[in-house]
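What follows is a short report on a single structure.
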């Protein structure tokens with residue numbers, strides 16, 4: 001499958017792109033094609049392109065953009081119409097020295113779905129630390145997927161299953177995306193106070 005990672009030059013986007021490239025043809029998408037091509041050089045088999053080209057040429061599109069940029073990708077609505085769109089966007093802000101959820105209502109995934117109304121939108125990869133994704137050996141990790149139909153869930157789950165040691169879990173309809181995204185600041189605060197090692201077997205990973 002051809003998978004575009006829009007925002008794939010950032011740390012999380014690039015890390016996810018590397019994992020997806022295990023079983024897919026990956027296109028890194030950036031506003032600056034030269035940055036996309038430079039990022040793709042570090043991922044075997046990946047290519048780089050501008051947002052629109054990456055979206056048009058792919059069967060599935062992963063969005064790893066900042067939450068503040070969601071409205072700006074409305075220009076891609078026609079290019080991603082009828083396709084699987086995965087939001088790994090986490091709306092975060094600093095509050096009292098801690099990371100907190102940035103939205104008063106709704107979720108990034110729901111906002112992305114409104115901007116791209118003809119696409120099948122799901123969440124995935126929201127709660128996995130970038131370090132886990134960059135490592136060659138990853139402890140078993142559960143990936144929470146929220147989607148409004150069983151078909152969309154299964155499409156997203158198939159991408160997740162293609163990554164070694166990752167297991168998809170159905171988190172319910174897209175309205176549950178807020179709950180999925182809210183886990184991320186908690187995970188990052190846990191890592192801040194207890195070290196990343198505290199997460200490897202107790203929180204974001206599973207046994208057996």
Check your understanding: Taking every DSSP beta bridge that has both residues in segment 21-126, what percent is antiparallel when rounded to the nearest 5?
Key -> 25 percent
**Study point:** Relative contact order computed over the chain (Cα-Cα under 8 Å; 6+ residues apart), in percent
**Key:** 17 percent
Point to revise | Span from the segment 20-34 Cα centroid across to the segment 48-81 one, whole angstrom | key: 11 Å
Review point. Using only Cα atoms, what is the ratio of the radius of gyration of segment 53-107 to 2.2 N^0.38 Å?
Key: 1.37
**Study point:** For segment 2-199, radius of gyration divided by Kirkwood radius, i.e. Rg to Rh on alpha-carbons
**Key:** 0.94
Review point. Can you put 143, 28 in order, fewest other beta carbons within 10 Å first?
Key: 143, 28
Review point. Could the peptides 118-126, 81-89 be put in order, highest first, of the mean number of other beta-carbon atoms found within 10 Å of their residues?
Key: 118-126, 81-89
Check your understanding: Could the peptides 109-116, 31-38 be put in order, highest first, of the mean number of other beta-carbon atoms found within 10 Å of their residues?
Key -> 109-116, 31-38
Check your understanding: For the peptides 157-164, 93-100, 185-192, what is the packing order when you average, over each peptide's residues, the other Cβ atoms within 10 Å and list the highest mean first?
Key -> 157-164, 185-192, 93-100
Study note, to complete from the structure: Rounded to the nearest 5, the percent of DSSP beta bridges in the chain running antiparallel is 20 percent
**Study point:** 222 nm mean residue ellipticity, helices alone, for the chain (DSSP H n ≥ 4; -39,500 (n - 2.57); rounded to 500)
**Key:** -9500 deg cm²/dmol
Practice item. Provide 101, 51 in ascending order of the number of other Cβ atoms located within 10 Å of each residue's Cβ, fewest first. Key: 101, 51
**Study point:** Over segment 1-98 - Rg/Rh using Cα atoms and the Kirkwood inverse-distance radius
**Key:** 0.99
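Taken together, the values in this text are just the output of simple stated rules run on the coordinates, not laboratory data. Everything numeric in this text was worked out from a predicted model, so none of it was measured. Note that we place each Cβ from the backbone using ideal geometry, even for glycine, and neighbour counts take in every protein chain shown.
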